[in-house]
Amino acid sequence: MFGFISRRIAMALVVMFVVALISFLLFRFVGDPVNQMVGIETTPEQREALRQSLGLNDPVLVQFFRYVMGAIQFDFGNSYQFKQPVADLIGRRLPATLELSFASAIFALALGIPMGVYTGLNRDSWLSKMFLSVSLVGISLPTFFIGILFIFLFSVTLQWLPSFGRGEVTELGSFWDTGFLTISGIKAIILPAITLGLYQMTLIMRLIRAEMLEVLRTDHIKFARARGLPNRSVYYIHALKNTMVPVITITGLQLGSIIAFAIITETVFQWPGMGILFLQAVQNVDIPIMAAYLLLTAFIFVVINLIVDILYVVIDPRLRTERGRA
């Protein structure tokens with residue numbers, strides 16, 4: 001297991017190195033940072049002095065090494081637009097994005113897994129057909145359209161839930177705040193979490209349904225029934241466990257996607273997370289924020305993939321046997 005984890009960590013470091021190189025190239029070839037930081041009245045001498053102070057006249061390898069060392073220390077320089085350290089800007093908005101992503105993932109898993117199991121075991125029931133019809137809606141409609149429909153129905157028409165913002169938050173130390181501890185915070189996260197997690201929920205439901213239908217036709221399930229095991233044991237211990245490997249893969253990747261691509265949902269509901277910050281950075285060509293967002297997103301995907309690979313070995317005994325023989 002130690003060798004397996006070591007190899008995965010080595011691969012993750014290679015991926016992060018490549019992503020760091022790509023994000024560094026943003027600084028080099030996507031506009032001149034000096035032009036974003038000064039006005040038209042700045043003299044050429046002042047521009048050159050600023051380039052010298054920023055280290056832009058140093059060799060490329062020196063700049064790349066300095067950039068990587070700064071990224072390791074979570075130092076991405078200052079934002080061109082806000083004139084503040086990028087780490088502070090991301091740190092203030094990261095809790096909101098992670099909170100929204102966590103709520104969306106819980107919603108998708110809590111509904112997707114039971115619905116997938118039920119539709120796999122009861123293919124011809126009217127409830128299964130209704131679940132499948134709802135899943136078609138979740139897959140077909142774009143996220144922004146679903147969000148607008150929810151706002152019109154639950155915020156404008158029924159006035160049950162707020163349509164924007166995060167609500168009242170509670171400070172937990174100097175680096176974290178949460179809305180889960182206040183009534184307004186819980187109400188504010190309901191619509192964005194459902195909007196962001198609806199597609200993931202339908203994907204998980206259909207995947208588990210397909211895997212359950214395939215596993216129930218295998219020989220070991222027939223043997224379990226021949227032994228006289230109750231249906232509950234056959235379905236939820238033997239069958240469901242064998243469907244978890246592909247489900248873990250998709251769930252892990254989708255969790256990374258939720259965190260990385262929550263931009264549309266945050267924009268529709270004006271959720272004060274990293275998505276809106278990244279969108280503002282794109283509109284204003286704020287390269288330090290764009291590069292930091294790219295690195296942070298890649299790091300999240302790498303960590304999730306590492307956890308998924310470890311869970312493979314824990315869940316599937318065949319992988320442990322193959323690595324033991326190797």
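The values are calculated or read from the model by the stated rules, or taken from the named source; none is laboratory data. These numbers come from a predicted model, not from an experiment. Here Cβ is always computed from backbone atoms with ideal geometry, including for glycine, and neighbour counts include all displayed protein chains. Surface areas here come from the heavy atoms of the whole protein model, side chains and all, with no ligands, DNA or RNA. Shrake-Rupley method; radii C 1.70, N 1.55, O 1.52, S 1.80 Å.
Table for the structure above
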read-out: Solvent-accessible area of His220 with every protein chain in place, 1.4 Å probe, in Å² to the nearest 10; value: 80
read-out: Interatomic Cα distance distribution for the chain, bins of 10 angstrom, percent; value: 5, 20, 25, 23, 16, 7, 3, 1, 0
read-out: 5 angstrom amide H check on Asp177, placed H, neighbours 5+ away; value: Leu172
read-out: Probe 1.4 Å, all protein chains present, accessible-area order of Tyr67, Tyr236, largest first; value: Tyr236, Tyr67
read-out: Accessible carbon and sulfur surface of the chain relative to its total accessible area, %, 1.4 Å; value: 68
read-out: Dipole-positive endmost among Thr243, Leu255, Leu203 within the stretch 164-263 (Cβ charges, Cα centre); value: Thr243
read-out: Only Lys, Arg (+1) and Asp, Glu (-1) charged, at Cβ; the stretch 55-168 dipole about Cα centre in debye; value: 160
read-out: Heavy-atom surface of the chain, accessible at 1.4 Å and reported per residue (Å²); value: 55
read-out: Relative packing of peptides 202-213, 299-310 - highest average C-beta neighbours within 10 Å first; value: 202-213, 299-310
read-out: Residue-averaged [θ]222 nm for the chain, counting only DSSP H segments that reach four residues, each worth -39500 (n - 2.57); value: -23500 deg cm²/dmol
